[in-house]
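Visitor: My questions all concern the structure below.
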Amino acid sequence: MEEGFRLFPEQASTVAPRVDAVYAFLVCVTAFFTIAIFLAIVYFAIRYRRGRPKDQPHPEPEQLWMLEATWIIIPLLLTMVMFFWGAWLFLEIRTMPEDALELQVVGKQWMWKIYHPNGRSEINELHVPVGRRVRLRMISDDVIHSFYLPAFRVKMDVLPGRYTMMWFEATKLGRHYLFCAEYCGTEHADMRGQVVALSEADYAEWLQNRDTDPPPQGVGSRLFTQHRCNTCHDEGSELRSPRLEGVFNNTIALSDGRTVIADESYLRESIVNPMAKVSAGFAPVMPTYQGQLNEEQLFQLVEYIKSLPIGKVDKDAS
Ligand code: CUA
């Protein structure tokens with residue numbers, strides 16, 4: 001982590017130098033015009049000051065088409081460069097890579113909890129491998145937070161009730177700051193931590209070197225039974241309900257004629273708000289689990305459903 005005074009944080013991700021380049025361009029253009037306009041003000045104030053009647057400007061200036069065209073076209077080109085350059089970079093930052101390592105982030109007053117795919121979790125620290133794309137699926141258990149990694153030049157709101165995503169690829173080993181960037185209550189300023197960028201081998205070792213947290217799908221499997229989801233969603237069940245085996249990432253026909261991809265957001269929504277998107281051919285009878293499960297547990301349940309292979313029936317969960 002950097003020490004002392006710095007104008008900019010370290011550049012520690014693949015997008016960081018590119019974000020800085022756009023920013024430097026904006027600063028240069030702004031500085032150039034600010035200085036040019038102020039110099040012109042000073043020059044005209046002296047040149048055309050009162051007491052030099054000979055040099056008073058013409059009361060009715062002539063039309064200078066070339067001059068007018070110039071000061072329309074040059075700013076237009078400059079702002080178009082800003083727009084397309086910025087939009088191109090923005091789209092790249094906001095387009096989630098498919099082949100990324102996916103971690104789950106839960107924000108709550110006032111801490112960050114992060115889950116790795118094998119179940120290792122950490123609080124206010126984020127261990128990531130350098131040179132690999134990392135995608136974060138984030139949600140809040142209470143109010144709006146914002147996950148901010150200055151050295152990586154990425155920031156994203158973390159909302160209650162909805163998953164948001166962000167990605168980055170770290171390029172520098174070491175520790176970098178992690179902040180909450182949205183005022184979220186008394187201890188907002190303490191809701192911070194560190195990103196620890198490790199080599200691929202060190203990250204693999206760190207992942208193994210853990211307490212006995214079971215993987216999220218294991219905990220989810222227990223929750224599935226505890227909350228009696230299996231009463232309806234088991235193959236042997238007498239109640240007619242949609243099968244969950246292999247449902248993840250499938251296209252689902254809904255009772256109102258729409259279709260939806262059964263991604264994490266859909267699975268989560270179907271647990272907390274089952275009436276929102278009912279599968280075609282099924283009665284809207286599932287009770288809501290809103291308030292009974294926190295976001296950690298919802299994530300574990302979703303991971304469990306994702307892990308169900310086609311044709312596998314949940315018999316070993318009890
Ligand atoms: Cu969480 Cu500010």
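The values are calculated or read from the model by the stated rules, or taken from the named source; none is laboratory data. Note that this is a predicted model, so its numbers are computed, not measured. Because the Cβ atoms are built from the backbone with ideal geometry, glycine has one as well, and the counts that use them run over all protein chains shown. Ligands, DNA and RNA are stripped out before the accessible areas are found, and what is left, the full protein with its side chains, is counted by its heavy atoms. Shrake-Rupley method; radii C 1.70, N 1.55, O 1.52, S 1.80 Å.
Visitor: Quick check, is residue 189 among the hydrophobic types (A, V, I, L, M, F, W, C), loosely packed, with under 13 Cβ neighbours inside 10 Å, under 27 Å from residue 294 (Cβ atoms) and within 14 Å of the ligand (Cβ to nearest atom)? Steps first, answer last, please.
Guide: Values: among the hydrophobic types (A, V, I, L, M, F, W, C): yes; loosely packed, with under 13 Cβ neighbours inside 10 Å: yes; under 27 Å from residue 294 (Cβ atoms): yes; within 14 Å of the ligand (Cβ to nearest atom): yes.
Spelling it out, residue 189 is indeed among the hydrophobic types (A, V, I, L, M, F, W, C), loosely packed, with under 13 Cβ neighbours inside 10 Å, under 27 Å from residue 294 (Cβ atoms) and within 14 Å of the ligand (Cβ to nearest atom).
Visitor: Considering only residues that are assigned to a helix (DSSP H, G or I), open to solvent by less than 100 Å² (accessible area, probe 1.4 Å) and more than 22 Å from residue 30 (Cβ to Cβ), which ones fall in region 62-79?
Guide: From region 62-79, those assigned to a helix (DSSP H, G or I) are 65-79; that's our starting set.
Pick out the ones that are also open to solvent by less than 100 Å² (accessible area, probe 1.4 Å) and you get 67-70, 73-76, 78-79.
67, 68, 69, listed by residue number.
Visitor: Among the residues in region 223-235, are any in contact with a strand residue (DSSP E or B) (Cβ under 6 Å, 6 or more places away or on another chain), within 25 Å of residue 120 (Cβ to Cβ) and open to solvent by 50 Å² or more (accessible area, probe 1.4 Å)? Give the derivation first.
Guide: As a first pass, look at region 223-235 and keep what is in contact with a strand residue (DSSP E or B) (Cβ under 6 Å, 6 or more places away or on another chain): none.
Checked against the condition, which is being in contact with a strand residue (DSSP E or B) (Cβ under 6 Å, 6 or more places away or on another chain), within 25 Å of residue 120 (Cβ to Cβ) and open to solvent by 50 Å² or more (accessible area, probe 1.4 Å), region 223-235 yields no hits at all.
Visitor: Within region 144-159, which residues are touching a residue at least 40 places away in the same chain (Cβ under 8 Å) and surrounded by fewer than 17 Cβ atoms within 10 Å (Cβ to Cβ)? Walk me through it before giving the result.
Guide: Going through region 144-159, the residues touching a residue at least 40 places away in the same chain (Cβ under 8 Å) turn out to be 144-145, 147, 149-154, 158.
Correct list: 144 only.
Visitor: So which of 219, 195 ends up being open to solvent by less than 70 Å² (accessible area, probe 1.4 Å) and more than 30 Å from residue 244 (Cβ to Cβ)?
Guide: Working: 219 fails: more than 30 Å from residue 244 (Cβ to Cβ).
When all the criteria are applied, what remains is 195.
Visitor: Right, another one. Considering only residues of region 117-165 that are in contact with a helix residue (DSSP H, G or I) (Cβ under 6 Å, 6 or more places away or on another chain) and assigned to a loop (DSSP other than H, G, I, E, B), which is nearest to the ligand (Cβ to nearest atom)?
Guide: Taking the candidates together, the pick is 141.
Visitor: Anything in region 263-285 that is surrounded by 19 or more Cβ atoms within 10 Å (Cβ to Cβ) and assigned to a loop (DSSP other than H, G, I, E, B)? List them, or say none.
Guide: Once the filter is applied, which keeps residues that are surrounded by 19 or more Cβ atoms within 10 Å (Cβ to Cβ) and assigned to a loop (DSSP other than H, G, I, E, B), region 263-285 yields nothing.
Visitor: Quick one: count up the residues across region 89-113 that are more than 17 Å from residue 141 (Cα to Cα) and of a type outside the set (D, E, K, R). Talk me through it step by step, then tell me what you get.
Guide: Quick first cut of region 89-113, residues more than 17 Å from residue 141 (Cα to Cα) only: 89-102.
Those left that are additionally of a type outside the set (D, E, K, R): 89-91, 93, 95-97, 100-101.
Of the residues in region 89-113, 9 are more than 17 Å from residue 141 (Cα to Cα) and of a type outside the set (D, E, K, R).
Visitor: For the subset of region 170-186 comprising residues that are open to solvent by less than 40 Å² (accessible area, probe 1.4 Å) and in a strand (DSSP E or B), which member is nearest to the ligand (Cβ to nearest atom)?
Guide: 180
Visitor: Same structure, new question: Please find, within region 83-116, the residue that is nearest to the ligand (Cβ to nearest atom) out of those that are buried (at least 16 other Cβ atoms within 10 Å of the Cβ) and in a helix (DSSP H, G or I).
Guide: Top of the filtered list is 93.
Visitor: Now for a different question. Does residue 204 count as assigned to a strand (DSSP E or B) and either more than 17 Å from the chain's Cα centre (by Cα) or within 26 Å of residue 308 (Cβ to Cβ) (or both)? Steps first, please.
Guide: On the way: assigned to a strand (DSSP E or B): no; either more than 17 Å from the chain's Cα centre (by Cα) or within 26 Å of residue 308 (Cβ to Cβ) (or both): yes.
No.
Visitor: If only one of 245, 295 is modelled with pLDDT of 80 or more, surrounded by 13 or more Cβ atoms within 10 Å (Cβ to Cβ) and within 24 Å of residue 215 (Cα to Cα), which one is it?
Guide: Exactly one of 245, 295 is modelled with pLDDT of 80 or more, surrounded by 13 or more Cβ atoms within 10 Å (Cβ to Cβ) and within 24 Å of residue 215 (Cα to Cα), namely 295.
Visitor: Please go through region 117-141 and give me each residue that is open to solvent by less than 50 Å² (accessible area, probe 1.4 Å), over 12 Å from the mean Cα position of the chain (by Cα) and without any contact (Cβ under 8 Å) to a residue 40 or more places away in the chain, ordered by number.
Guide: Matches in region 117-141: 122 only.
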